[in-house]
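To start, the structure under review is shown below, and the notes come after it.
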Amino acid sequence: MEEQCHRMTVSGAPIAVRHLPGPGGGSGLVWLGGYRSSMAGTKAGALAAMAAGAGLSFLRHDYSGHGQSGGDFEAGTISRWLAESLAVFDRFATGPQVLIGSSMGAWIALRMVQDLVARGTGHRIAGLLLIAPAPDFTALLRRPALTPEQEASLMRDGRIELPSRYDDGPYVYTRALFEDGEANRVLTGPIDTHCPVHIIHGTDDEDVPLSHGLRLMEHLPADNVTLSVVKGGDHRLSRAADLSLIGRIALRMAMGQGG
């Protein structure tokens, strides 16, 4: 079966969705991308191909202001992108799902689990695969790196442009993103996911250092938490060997073999 393209509206924004249905009620994978990333990226594409070959469902979408979705990127916040992700999940996901979060997507995944557990549907999550996870990146990684001049500009103008090694132009970060991030922080106490968690992090990640992944582990009290450290791996973890590792772990988790 081929991936199906859908569009759904969440809080006024048209959200682009790709869904590869699997066997009725079977296990599946849900992709959650990073800040300014697209669901058409290398890792998501490799996972979609793997899922198709393994008979798993695969669900991915672009947050508002990203990729093929509509909406204003600068109106985006963690709360908004979380709500969109939950809406897509509720509409398309059936059976136990492994949430695969990359960078900021790992933060979204952790918040999704918290919300699903709170509403009594945490059993729908079979596991979390977190790739170069960046939970609380607004407070712990980006804001501390701002110069006094940049901080003043952010407060005065409501936005700031910072250079990116992944794009010809700068990345925009808004004051609303930072303020909303405070309300969604997860590294403030134990994170009870009620499911296996596997973290993959590269030693050469210059955007989200390995120490951040280790810090996340300290907040995951469950016994079934695994960390795979990729020697020489950067933030994107998109080399052939990286993609193979991610695919193997995702398949193992979807088959109920833990992290």
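Within the span defined as the stretch 209-217, one or more residues are in contact with a strand residue (DSSP E or B) (Cβ under 8 Å, 6 or more places away or on another chain), more than 29 Å from E151 (Cα to Cα) and of a type outside the set (D, E).
Note on the stretch 2-21: residues that are farther than 26 Å from T138 by Cα, assigned to a strand (DSSP E or B) and of a type outside the set (A, V, I, L, M, F, W, C) amount to 6.
To keep it simple, each residue is scored yes or no on (1) hydroxyl-bearing (S, T, Y); (2) more than 13 Å from the chain's Cα centre (by Cα); (3) within 27 Å of E179 (Cβ to Cβ).
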{"position": "S38", "(1), (2), (3)": "yes, no, yes"}
{"position": "K43", "(1), (2), (3)": "no, no, no"}
{"position": "A46", "(1), (2), (3)": "no, yes, no"}
{"position": "G53", "(1), (2), (3)": "no, yes, no"}
{"position": "S64", "(1), (2), (3)": "yes, yes, yes"}
{"position": "D72", "(1), (2), (3)": "no, yes, yes"}
{"position": "I78", "(1), (2), (3)": "no, no, yes"}
{"position": "V88", "(1), (2), (3)": "no, yes, yes"}
{"position": "F92", "(1), (2), (3)": "no, yes, no"}
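The set of residues in the stretch 104-148 that are of a type in the set (G, A, S), within 20 Å of D223 (Cα to Cα) and surrounded by 23 or more Cβ atoms within 10 Å (Cβ to Cβ) comprises A106, A109, G127. Within the set V98, V88, the sole residue that is under 15 Å from A250 (Cα atoms), β-branched (V, I, T), crowded, with 20+ Cβ neighbours inside 10 Å and touching a residue at least 40 places away in the same chain (Cβ under 8 Å) turns out to be V98. Just one residue in the set T193, T188 is touching a helix residue (DSSP H, G or I) at 6+ places or on another chain (Cβ under 9 Å), among the β-branched types (V, I, T) and either part of a loop (DSSP other than H, G, I, E, B) or modelled with pLDDT of 95 or more (or both); that residue is T193. Tell me whether the stretch 42-64 contains one or more residues that are in contact with a Phe, Trp or Tyr (Cβ under 6 Å, 6 or more places away or on another chain), charged (D, E, K, R) and under 23 Å from I78 (Cβ atoms). Yes, the stretch 42-64 contains at least one residue that is in contact with a Phe, Trp or Tyr (Cβ under 6 Å, 6 or more places away or on another chain), charged (D, E, K, R) and under 23 Å from I78 (Cβ atoms). Being part of a loop (DSSP other than H, G, I, E, B) and hydroxyl-bearing (S, T, Y), is that true of even one residue in the stretch 152-166? Yes, the stretch 152-166 has at least one match. Among residues of the stretch 143-154 that are without any contact (Cβ under 8 Å) to a residue 40 or more places away in the chain, those with a Cβ under 8 angstrom from a residue that is surrounded by 10 or more Cβ atoms within 10 Å (Cβ to Cβ) and assigned to a loop (DSSP other than H, G, I, E, B), sequence gap 6+ or separate chain, pair up as L154/L146. Looking at this structure, is V30 of a type outside the set (K, R), modelled with pLDDT of 95 or more and either over 15 Å from the mean Cα position of the chain (by Cα) or farther than 25 Å from R248 by Cα (or both)? Here the answer is no, as V30 does not meet what is asked. Can we say A139 is among the small types (G, A, S), at positive phi and under 20 Å from the mean Cα position of the chain (by Cα)? So A139 fails the test. Applying a threshold of 8 Å to beta carbon distances and a minimum spacing of six or more residues, or different chains, the list of pairs starting in the stretch 103-117 at a residue that is modelled with pLDDT of 95 or more and ending at one that is of a type in the set (D, E) reads S103/D207; W107/D136; V117/D192.
Scan the stretch 45-61 for residues that are touching a residue at least 12 places away in the same chain (Cβ under 8 Å) and surrounded by fewer than 22 Cβ atoms within 10 Å (Cβ to Cβ) and the total you get is 6. Contact map, the stretch 216-240: residues that are farther than 18 Å from R165 by Cβ and modelled with pLDDT under 95 paired with residues that are of a type in the set (K, R) and in a loop (DSSP other than H, G, I, E, B), Cβ distance under 9 Å, separation 6+ or inter-chain. No pairs are found. Of the residues making up the stretch 166-196, those that are surrounded by 19 or more Cβ atoms within 10 Å (Cβ to Cβ), within 26 Å of Q97 (Cβ to Cβ) and touching a Ser or Thr at 6+ places or on another chain (Cβ under 7 Å) are G181, N184.
The values are calculated or read from the model by the stated rules, or taken from the named source; none is laboratory data. The shown structure was predicted, so the numbers you read here are calculated from the model rather than taken from an experiment. Reconstructed Cβ throughout: ideal geometry from the backbone, glycine too, with neighbour counts over all protein chains shown.
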